[in-house]
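Since the structure comes first, as structure tokens, the remarks are kept for the end.
FYI, it's all coordinate maths here, none of it is from the lab. What you see is a predicted model; the values in this text were computed from it and never measured. No Cβ is skipped: glycine too gets one built from the backbone with ideal geometry, and neighbour counts run over all protein chains shown.
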């Protein structure tokens, strides 16, 4: 069974569209994250949620809106997509303490054309 | 500010040779340190982690890393590289403040030549 699953794996869309990426974890973790990996492979945190509560919001444009219906799910909705949003988006989860590290999903490659 | 530096963007080693990937961090408190590996088109897999105790930690796939506080380093090593080790390797530091987050280095691409 996949521990952290993201859908879709690939997403190609036109500028100006709105899209969502879904993430689910079955590890019983309390905290979930979204990371963006740009074309240079640099990984940067976007958001984290702990038990449905927003904890980290790292200067991400407000076109990006995370939603956590329960602690096992963290979805990412993006409005008015721009070319610069093209990247790989990773969902991850962890126990409360970062000392345990994260478990990552396999990523969603978003291409905006 | 907390940061992680991986000085080598690319490293090429021969199969069977030893490997060392460098990582330096900047963080005021006792760090939680991690190495992840990313194969092409895949997510990140945790290789090993350090948060206390023995400064030499063992991980999966025959990897080990040594924490040296005096040098603010956490270098990854493997005595004999296999072709399947070709991937990108990321060092990360865990930040307890500001909501528990991992700050990643820019990654090192490992190429293995036969």
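Taking each residue of A:97-109 in turn, how many C-beta atoms of other protein chains fall within 10 Å of its C-beta, and what is the average? Working shown, then result.
Working: counts 5, 14, 9, 7, 14, 9, 4, 7, 2, 4, 5, 0, 1.
If you average over the peptide's residues, the count of other-chain Cβ atoms is 6.
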> For the range A:55-113, what relative contact order do you get, as a whole percent, if you take Cα pairs closer than 8 Å and at least 6 residues apart?
Replying inline: 28
> How much of the DSSP beta bridge set in chain A is antiparallel, as a percent to the nearest 5?
Replying inline: 90
>> Distance between the C-alpha centers of the range B:57-114 and the range A:2-56? Whole Å please.
In response: 23
>> Once you order the gyration tensor axes a ≥ b ≥ c over the Cα atoms, which shape class does chain A get: rounded for a/c under 1.5, otherwise prolate or oblate by comparing a/b with b/c?
In response: prolate
>> Averaged over its residues, how many other protein chain Cβ atoms are within 10 Å of peptide B:22-29's Cβ atoms?
In response: 0
> Given the protein assembly as shown, what whole percent of its Cα pairs are spread farther than 20 Å?
Replying inline: 59
>> Sequence gap at least 6, Cα distance under 8 Å: using those rules, report the relative contact order of chain A to the nearest whole percent.
In response: 37
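Calculate the mean, over all residues of peptide B:103-113, of how many other protein chain Cβ atoms lie within 10 angstrom of the residue's Cβ.
Values: counts 4, 7, 2, 4, 5, 0, 1, 0, 0, 0, 0.
For peptide B:103-113, the averaged partner shielding equals 2.
Using a Förster distance of 22 angstrom, determine the FRET efficiency expected from the C-beta separation of residue B:12 and residue B:45, and round it to 0.05. List each step's numbers first, then the result.
Details: r = 22 Å, r/R0 = 0.98.
My answer for the efficiency is 0.50.
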> Taking only C-alpha pairs under 8 Å that are 6+ residues apart, what is the relative contact order of the range A:20-82 in percent?
Replying inline: 36
>> Taking a ≥ b ≥ c as the square roots of the Cα gyration tensor eigenvalues, with a/c under 1.5 meaning rounded and otherwise prolate when a/b beats b/c, else oblate, which class fits the range B:23-63?
In response: oblate
>> Averaging over every viewing direction, what projected area does the convex hull of the Cα atoms of the range B:27-108 cover, in nm²?
In response: 6.0
>> Restricting to bridges with both residues inside chain B, how much of the DSSP beta-bridge set is antiparallel, in percent to the nearest 5?
In response: 90
> Zone of residue A:63 (label point 7 Å along Cα→Cβ, backbone N under 17 Å): which residues in the range A:1-33?
Replying inline: A:11-21
